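The values are calculated or read from the model by the stated rules, or taken from the named source; none is laboratory data. All of these numbers come straight from a predicted model, not from anything done at the bench. Note that we place each Cβ from the backbone using ideal geometry, even for glycine, and neighbour counts take in every protein chain shown. Heads up: the accessible areas ignore ligands, DNA and RNA and are worked out on the full protein's heavy atoms, side chains in. Shrake-Rupley method; radii C 1.70, N 1.55, O 1.52, S 1.80 Å.
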Amino acid sequence: MPALPRLLRVMLYGAIAVAVVAPAAAANAAPSAKDLQQQVDQANANFEKIVEQYNGVGERLKATQAEADALTAKMAPLQSQMDAAYASVGEIAVRAYKGGAMTPMAALLSGSPSAGLIDELTSLDHLARVRQADIDAFTRTKTQFDDQRKALENLLNTERTDQKNLADQKAKIEADLVNLTALQKKAAAATGSSGTSGSGTSKAPPAAPNIGGGAGTAVRFAYGALGKPYVFAAAGPSSFDCSGLTMAAWRAAGRSLPHNAAMQWSAVAHISSSQLQPGDLVFYSGLSHVAIYIGSGSVIHAPHTGTVVQVASVNMMTPYGYGRVR
């Protein structure tokens, strides 16, 4: 093979060197501030989904516990009835024993039955049958209650396990988020930027709308929460997560909402963007985030860990949908 011209050899070796060195250099290059911000935003989004799942499990756990408590309360009067029935049967047995344990048929065959004895024994026999029927009915009911209670206990155990698993996931994501936020601050210091997340950027709040009714109360509550920190699974009074804020705002107005964005979506009347009024709820991120509309194209929300309750554009993210509390 003829020798390559010197210039061609230099160009070829240079290209090989670039091909080998460039990837290593790129791999070792520190991520840009933009890359870090994207990582933080993604971690925040993942964290919020876990938090809302955790809140949802908590809501289901409360409902299941309430159902179990109601079942226990319902059993109390039945237990009293059963105790009374057992006591009556015992009394009947004692009376029959003292009377010689004579059945109505035995009295008839004895040759000298008295009308009073037969009447008494017949009454005792009838009463015993009635009480025994009460006991049998209670036994059947108690069996059904026991089966239902066992199913509820199994459900409670499953939900408690789910809650623990989600709490473990939350703890890991939160630890990762602390590291990412530290990197974000370093990048922000190097570039001189503020380092705040785009989805959580606060804008100056517009004047509070002068509206009455429940919506006005809810909006005024949201204004009063501005500046309070985001804390997962919190619903006030000193800190909030997203669905905790909307739940607390409408609770102040006398309306009950679950502490979960997806459950809140199921609880409200769905409306269009053109129908939005202060107090309505705006849902985002596949129902893993919710905010309260305050008018003028703005919402108040609790964005994510490391931020505070703040005002943002209603289109800070692509809305999933809009809801009105009924």
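FRET efficiency for the A189 to A66 pair, using the beta carbon distance and R₀ = 45 Å, is estimated at 0.35. Of the peptides 292-304, 241-253, 263-275, 31-43, the ranking by mean beta-carbon count within 10 Å, highest at the top, reads 241-253, 292-304, 31-43, 263-275.
Taking other residues whose beta carbon is less than 12 angstrom from the beta carbon of V325, and scoring Lys, Arg as +1 and Asp, Glu as -1, yields +3.
Treating only the Cα positions of the range 204-326 as identical point scatterers, give the base-10 log of I(q)/I(0) from the Debye formula at each q in 0.18, 0.21 Å⁻¹. Result of the Debye calculation: -0.82, -1.18. Legend: distances between Cα atoms for K49/K228; K74/K164; K62/K164; K34/K172; pairs beyond 27 Å are K74/K164. 3J(HN,Hα) along the range 239-254, derived from phi through the Karplus expression 6.51 cos²θ - 1.76 cosθ + 1.60 where θ = phi - 60°, amounts to 7, 8, 10, 5, 6, x, 5, 5, 5, 5, 4, 7, 5, 4, 8, x Hz, with x in place of Gly and Pro. Taking all protein chains into account, the per residue accessible area for the range 237-326 stands at 35 Å² (1.4 Å probe).
Of all beta bridges that DSSP places with both ends in the range 225-326, some 95 percent have antiparallel geometry. For V314, the residues 5 or more places off, or on other chains, whose built amide H falls under 5 Å of its own are S298, V299. Descending by average beta-carbon neighbour count within 10 Å, the peptides 69-77, 47-55, 150-158, 307-315 line up as 47-55, 307-315, 150-158, 69-77, the highest first.
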